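The values are calculated or read from the model by the stated rules, or taken from the named source; none is laboratory data. Since we're looking at a predicted model, the values are computed, not measured. Neighbour counts run over all protein chains shown; Cβ positions are idealised from the backbone, glycine included.
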Amino acid sequence: MEAPAVTRRHSPFFAPIWLILLGAIALGLIAWSSYRAAGTTLVVLVRSPDKEPGTIADPPISADGEARAQRLARMFGDTTGAGRWDAVYVSDDRRAQQTAALLADRLGRAPVLFNVADAAATGARLAREHAGGTVLVIGGGASVARMLTALAGPQAGGAMAADPDCLYIVSVPSFGRAQVLRIRF
């Protein structure tokens, strides 16, 4: 007489449960990493004062511009606590650099210079490099308009007013559409 063969049958009942559990863990890890990667970059765009008519191509800052630079340094010059800047970008015009000089001294940080012709590329780069951070940009009217277009789309850059006393706060989320807030100071 032969010994009965030991048969072992796998119960298919537990296989779907394990697959569902592994899928839920994988989905949870994907959702957690997406949540961690999501953030909103805040970009504040400030125009340098307009040049006086009939002056040289790249004139120095005027007396009104000096007063404006002091006002910006008081508004944005906190070096501790909430409201710190991750980066300060300044266009290569003389007026923009002179407007940012007092603020840079107060912050103890050298601003990142960008070329006016490359303002759109710089806007896209700063949103990528400082994701989830806060960035201040000081530039002439053309560079601010190009950067605003790069960050928030053509309707935002095209609707920019010629008023140099406005600053633009652009909220650039990782997912979704950028929002622009225009403030007169």
Checked against (1) modelled with pLDDT under 85; (2) exposed (fewer than 13 other Cβ atoms within 10 Å of the Cβ); (3) more than 14 Å from the chain's Cα centre (by Cα), residue 166 satisfies every condition except (2)
Of the residues in segment 85-140 that are part of a loop (DSSP other than H, G, I, E, B) and charged (D, E, K, R), the one that is surrounded by the most Cβ atoms within 10 Å (Cβ to Cβ) is 93
Exactly one of 78, 50, 64, 58 is of a type in the set (D, E, K, R) and either part of a helix (DSSP H, G or I) or at pLDDT 85 or above (or both), and that residue is 64
Residue set 109, 74, 125, 84; condition more than 20 Å from residue 49 (Cα to Cα) and without any contact (Cβ under 8 Å) to a residue 12 or more places away in the chain; output residue 125
Of those in segment 143-163 that are surrounded by fewer than 19 Cβ atoms within 10 Å (Cβ to Cβ), closer than 17 Å to residue 43 by Cβ and among the small types (Gly, Ala, Ser), the residue modelled with the lowest pLDDT is 159
